[in-house]
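Trainee: Questions regarding the structure given below will be posed in turn.
The values are calculated or read from the model by the stated rules, or taken from the named source; none is laboratory data. No experiment lies behind these values; they were computed from the predicted model shown. No Cβ is skipped: glycine too gets one built from the backbone with ideal geometry, and neighbour counts run over all protein chains shown.
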Amino acid sequence: MAKKYYSRSEKEKLAKKLAAVVAVFVIVCTATVVIGHIVDNQKMNTGQKDAAAASDIVTINGVKCKPNWDVQTYLFIGEDDRGVKTRKTESDGTGQSDVLELLVIDTKKNTYHKLPINRDTITDVKSLDDDGSYLATTKTQIALAHAKGDGMELSCENTVDAVSNMLYGIRIEGYISLNMDSIKILNHLAGGVPVTIEDDFSQSDPSLVMGQNITLTDDQAMHYVHDRMNVGDGTNECRMRRQKAYVDALFPLYKAKLQADSGFINEFYNDLSDYMVTDMSVGEMGNVANMIMNSEDKGELSIKGTNAIAEDDGFNEFTMDETSRGEVAMELFFNKVEK
């Protein structure tokens, strides 16, 4: 992917916006909202952006609802893959999404919420042929939506489609995706991130001792943010808590660097661009940043559910509580139809 270099005035404008945006991103997506990898010719054409017409009525938990058109929603994807982003010629099942989080901005109320989505959530996911054509829909972990594609735009669009359908056909304005190699880069740019080790990492990285307060090295940051199977209770909820703790600690470090040096943004972009895929232009990202700066952070919501180990393949499965799914969707994306 071609790299873009910004003029001094562009850097200064973007740097002012970065601090407001970083706070709402999960770790693997934190930086991308301000740096921007311009892909103006890569807009989604899956139809999900127009999933709900103004006249559409959706029944949620027995209640008739209409889409809230004052809401703008953006999806951030952390891909469980390594190396410089390249297009796959055939789907091989790799490159699942380990992190999924929605940023939901209510432009009328001037508020925003974050909605993390469990990667193990069982929902409808489309299978695609190597040319991107539709093959079938199966109920499986939502993380697999990204693996069923080319590793680039098709994978992201398939993930957007799965998330949209899971939430009753919501409109998603844009996406940003980074793979796991970005974690070390993000940590290095911050000069290390201080955290408290609250899980047992003895089988993953013995240098992360439970109960200690440490500043993570780049290698430790990868284990802290990414590892799941041999850490703590092995659940994705456990890992999601660590990811949130990491972002909370990372935000003030980046904010300080940007206040001290607007040129930090160019280093940021150059180091991360090879690991990023997005359908958002820098202008669109700037608009999101402006909305966030003028909105109140209402925190995170979550969809409740139950975890289980599948008997057939031994993988984790998260089954959503249907009442909780509906309640979250109605709070964030829909308005009740007046009788």
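Trainee: Here is a list of conditions, (1) of a type in the set (A, V, I, L, M, F, W, C); (2) out of contact with any Leu (no Cβ under 9 Å at 6 or more places or on another chain); (3) in contact (Cβ under 8 Å) with a residue 24 or more places away in the chain, and Ala136 meets all of them except one; can you say which number that is?
Mentor: (3)
Trainee: Next question, about the same structure. Being touching a residue at least 24 places away in the same chain (Cβ under 8 Å), closer than 30 Å to Ser295 by Cα, surrounded by 20 or more Cβ atoms within 10 Å (Cβ to Cβ) and of a type in the set (S, T, N, Q) narrows it down to one of Asn118, Asn110, so name that one.
Mentor: Result of the check over Asn118, Asn110: Asn118.
Trainee: How many residues does the stretch 190-216 contain that are surrounded by fewer than 16 Cβ atoms within 10 Å (Cβ to Cβ) and of a type in the set (Val, Ile, Thr)?
Mentor: Within the stretch 190-216, residues that are surrounded by fewer than 16 Cβ atoms within 10 Å (Cβ to Cβ) and of a type in the set (Val, Ile, Thr) number 3.
Trainee: Residues in the stretch 260-270: is at least one under 17 Å from the mean Cα position of the chain (by Cα), aliphatic (A, V, I, L, M), surrounded by 18 or more Cβ atoms within 10 Å (Cβ to Cβ) and at pLDDT below 90?
Mentor: Taking every residue of the stretch 260-270 in turn, none turns out to be under 17 Å from the mean Cα position of the chain (by Cα), aliphatic (A, V, I, L, M), surrounded by 18 or more Cβ atoms within 10 Å (Cβ to Cβ) and at pLDDT below 90.
Trainee: Out of the stretch 149-166, which residues are modelled with pLDDT under 90 and touching a Lys or Arg at 6+ places or on another chain (Cβ under 7 Å)?
Mentor: Asp150, Gly151
Trainee: Quick one: Asp120 ticks every box in (1) more than 21 Å from Arg241 (Cα to Cα); (2) acidic (Asp, Glu); (3) at pLDDT below 95 bar one, so which box is it?
Mentor: Every listed condition holds for Asp120 apart from (1).
Trainee: Related question: Take Val99 and tell me if it is within 26 Å of Gln243 (Cβ to Cβ), among the aliphatic types (A, V, I, L, M), buried (at least 20 other Cβ atoms within 10 Å of the Cβ) and in contact with a Ser or Thr (Cβ under 8 Å, 6 or more places away or on another chain).
Mentor: no
Trainee: Filter the stretch 71-93 down to residues that are acidic (Asp, Glu) and surrounded by 12 or more Cβ atoms within 10 Å (Cβ to Cβ) and give me whichever is modelled with the highest pLDDT.
Mentor: Among them, the one singled out is Glu79.
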